[in-house]
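Report on the structure given below.
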Amino acid sequence: MASALLRAATGGGSAAARWASRGLASVGSGSDIVSAAPGVSLQKARSWDEGVATNFSTTPLKDIFHGKKVVIFGLPGAYTGVCSQAHVPSYKNNIDKLKAKGVDSVICVSVNDPYALNGWAEKLQAKDAIEFYGDFDGSFHKSLDLEVDLSAALLGRRSHRWSAFVDDGKIKAFNVEEAPSDFKVSGAEPPPQHAREFIAPPQSPPSPQSIWSPEMVKNAIQYAVVDAFAAEPFKGNPAAVCLLEGEDAAAAADERWMQSVAAEFNLSETAFLIRDRDPSSTADAAAAPRFRLRWFTPVAEVNLCGHATLASAHFLFTTVLAKQQHAGAAMVEFVTRSGILTAKKVPAPAPPASDGGVPGEEKLFIELDFPMIDLVEYDSAKTLSIPETLNGAQVVSVWKSSTAGDLIVELSSGKEVADIIPNINEIKKCDGRGVIVTGPAPAGSDYDFFSRFFCPKFGIDEDPVCGSAHCVLAPYWGGKLGKQKLTAFQASPRSGTLYLELDGENRRVRIQGEAVTVMAGTLLA
């Protein structure tokens, strides 16, 4: 019989000690929650008139749990602070994600009469998402050994704060907060690994889990780290690319989880791919494979990213699509916050003489089709602080991008761009997202302009090679130089080359580059 290995108490004589010493099957993984509370019924939240009309009926546990996948969470009481402000909203706001996981119902249970519980549920506007049940005499929580004395708070005998996933009456995952006022492990979102509680059979090594059971957690996820806009490893801009596959991939793409993964990689961008269209399964076999694509810095999601899109396309062309029946696909489409973006294989351009790239048809070059971004005038009064921000560099002009609000600062030469040592703390105080510094390329360099991009507000002091920045730099320099095709050099310590072409009629910028996969593996968390 599985023993309960749960830290879930306040003070001496804890619930954890009682569970461990008694080995209660009622709270063991795989145990039957109905058998653990024999003869117990709950009272569905309702008005007094509804109670009278139903002859004060109750609902047996078997009717709640048998034949269903149920997420249930218990809390100390209606109208209390954490319960109202965090616990119930956590489940209300994530109800669609839980239902997408196959959950039939989400239930809130509390040691309250069903009438007070009903008024509280209506006040929270949560009855459409969550089923509320009263445990008016506390018998359900007593049976599960979840009762706690909160007389000090004038609440009397109540319940611990907890959550569980129950499949056909069998407990699959079970979590109890250390104190009723805590809200760390019992919410709708999978909590941080260090805070998770678990129940496991004694012979099994403990494995952290939240309300998500082993059947609900994400499958092992394939990832690669790709150096974009680079002809060799450890140059250009590294991006992690994670491919979420399977029927439940969309449901697994939880924003909090993706942000945690991006923070774990701690690269300038982490990209997440979910297949949106597979040509082999559609009538139009000639259609390009389509993937949904999202980009995250270590601290936030962004609306557009060039190097992580290039890295994603490289990963798909060389790994994912190469193993499938449409290995010959020359284009992929991405559904993003910035609309449909395309990436296609193209012949390698003739590289600048000063570049380390080696010409040859065997090299995989990829062209991204991105939106053109306009410049707007920047408040002249604010430009006075820019030289200080850039440690005294000679500023020619200052503009602002119309979308992200990046400042575009032109210096007198590309050499100044390469040599600049910016004041990162001052850049954090600037308007907009970040600062793009640019200047004309040195004569004879085979480049048209240099640039660097500093974005400390998004956790990136310097972005090594930023493709999306060239959506605004390309039309700026194209207009100044009177050219439709330009070759750009990002002069960061890692450096990278971008080949640009303007499509003014359609307001697009085509960005070409190559990439190198430097790491591949499996994401387990």
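Taking the range 120-160 as the range and being among the basic types (K, R) and not in a loop (DSSP other than H, G, I, E, B) as the test, the residues that pass are K123, K142, R157, R158. Put simply, of T342, T389, T403 the only residue that is under 24 Å from W477 (Cβ atoms) and modelled with pLDDT under 85 is T389. Of all the numbered requirements in (1) crowded, with 23+ Cβ neighbours inside 10 Å; (2) assigned to a helix (DSSP H, G or I), S163 misses one, and that requirement is (2). For the range 49-100, filtered to residues that are part of a loop (DSSP other than H, G, I, E, B) and open to solvent by less than 40 Å² (accessible area, probe 1.4 Å), the residue that is nearest to V166 (Cα to Cα) is N94.
Being at pLDDT 95 or above and either touching a helix residue (DSSP H, G or I) at 6+ places or on another chain (Cβ under 6 Å) or not small (G, A, S) (or both) is the requirement here; does T282 meet it? Against the criterion (at pLDDT 95 or above and either touching a helix residue (DSSP H, G or I) at 6+ places or on another chain (Cβ under 6 Å) or not small (G, A, S) (or both)), T282 does not qualify.
Just to be sure, is S492 touching a residue at least 40 places away in the same chain (Cβ under 8 Å), part of a loop (DSSP other than H, G, I, E, B) and polar (S, T, N, Q)?
Answer is yes for this residue.
The C-beta contact set for the range 437-457 (first residue over 16 Å from S495 (Cβ atoms), second residue modelled with pLDDT of 95 or more and surrounded by 21 or more Cβ atoms within 10 Å (Cβ to Cβ), distance under 7 angstrom, 6+ apart or interchain) comprises P440/G414; P440/F449; C455/D463. The number of residues in the range 467-525 being on the phi > 0 side of the Ramachandran plot and aliphatic (A, V, I, L, M) comes to 0. Check whether at least one residue in the range 159-166 is more than 20 Å from K69 (Cα to Cα) and free of Cβ contacts under 8 Å to residues at least 60 places away in the same chain, and report yes or no. Checking the range 159-166: not a single residue is more than 20 Å from K69 (Cα to Cα) and free of Cβ contacts under 8 Å to residues at least 60 places away in the same chain. Assigned by the TED database to the domain that holds G405, in contact with a strand residue (DSSP E or B) (Cβ under 8 Å, 6 or more places away or on another chain), open to solvent by 60 Å² or more (accessible area, probe 1.4 Å) and under 13 Å from Y499 (Cα atoms) - does that describe any residue in the range 460-478? For the range 460-478, residues assigned by the TED database to the domain that holds G405, in contact with a strand residue (DSSP E or B) (Cβ under 8 Å, 6 or more places away or on another chain), open to solvent by 60 Å² or more (accessible area, probe 1.4 Å) and under 13 Å from Y499 (Cα atoms): absent. Would you point out which residue out of A45, A53, A86, A37 is within 20 Å of C108 (Cβ to Cβ), modelled with pLDDT of 85 or more and assigned by the TED database to the domain that holds W162? After ruling out the rest, the residue left standing is A45. Applying the set (1) open to solvent by less than 40 Å² (accessible area, probe 1.4 Å); (2) over 22 Å from the mean Cα position of the chain (by Cα); (3) modelled with pLDDT of 90 or more to F315 leaves exactly one unmet item: (2).
Filtering G119, G77 for residues that are among the small types (G, A, S) and in contact with a strand residue (DSSP E or B) (Cβ under 7 Å, 6 or more places away or on another chain) leaves a single hit, G77. Only one entry in L267, L243 is open to solvent by less than 20 Å² (accessible area, probe 1.4 Å), at pLDDT 50 or above and not acidic (D, E), namely L243. Taking the range 405-424 as the range and being open to solvent by 20 Å² or more (accessible area, probe 1.4 Å) and in contact (Cβ under 8 Å) with a residue 12 or more places away in the chain as the test, the residues that pass are S412, S413, K415, E416, A418, I421, P422, N423, I424.
As a summary of the residue check, R256 satisfies the conditions (1) in a loop (DSSP other than H, G, I, E, B); (2) at pLDDT below 90; (3) among the basic types (K, R) except for the one numbered (1).
The values are calculated or read from the model by the stated rules, or taken from the named source; none is laboratory data. None of these values were measured; they are calculated from a predicted model. Neighbour counts are summed over all protein chains in view; Cβ atoms, including those assigned to glycine, are modelled from backbone coordinates with ideal geometry. These area figures cover heavy atoms from the full protein model, side chains too; ligands, DNA and RNA do not enter into them. Shrake-Rupley method; radii C 1.70, N 1.55, O 1.52, S 1.80 Å.
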